[in-house]
Amino acid sequence: MSTRTDAPTRREQILREAARLFAERGFHGVGVDEIGAAVGISGPGLYRHFPGKDAMLAELLVGISERLLDGGRLRVEAAAGDDRALLAALIDGHIDFALDDRSLIILHDRELDRLRDDDRKRVRRLQREYVELWVSAVRRLHPAPAEAEARAAVHAVFGLLNSTPHLGPGLPTRAATEALLRALAHGAFAALPADGAAGSGEGEPRSEDGEPRPAREVAGG
């Protein structure tokens, strides 16, 4: 996936092609044979790596949530108390995800409810932990707003960054797109009111386990 620089394993190749095909055609619009053909093996040969499409979907959505959280934690450690550097690193890391793994954003939007309950709840838990890393970083730089307001701002920025599948042709280069997304994300946090007057967070939509659930909760967003 996007976090690796060495050659992908066969298992990773299968997951990458499954994500692409599921995003293009929908989970039920893709057969095992098509996924196998995309990586040069027979459909039945996939069963040496995965018991079926459901297992691929679960590994894709749980896996990216784990990688985002692990990456966020590493950035917290690397920032060593530099709050401004931490928020910048979190933003840059999520931009990389949003540009490199657009198919997973689409997949999450369309197919999360197809996961088994325990896998779906695991994704939600990982996402909440990832969000809280951001909320903590934002509140250290912008201490005046209430916690619920900072959390709403984080979700709004995720919605912005996770819009990459819908950008169309976009800007002429990746660097230009990165720069635009970075400026928009930093600008959104800078717009937080100095007195935290925007509200208390009452009435936030809730998930099945009672936690806040914004409309664009996808891989943390």
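Readers should treat all values here as calculations from the given coordinates under stated rules, not as data from a laboratory. Since the model is a prediction, treat every value here as computed from it, not as a measurement. For neighbour counting, all protein chains shown are included, and Cβ atoms are generated from backbone atoms with ideal geometry for every residue, glycine included.
The simple spin-label model puts a point 7 Å past each Cα toward its Cβ; for GLU178 and ASP118 those points are separated by 4.0 nm. Placing pseudo-labels 7 Å out from each Cα toward the beta carbon at ALA190 and ALA78 gives an inter-label distance of 2.3 nm. The simple spin-label model puts a point 7 Å past each Cα toward its Cβ; for SER163 and ASP100 those points are separated by 2.4 nm.
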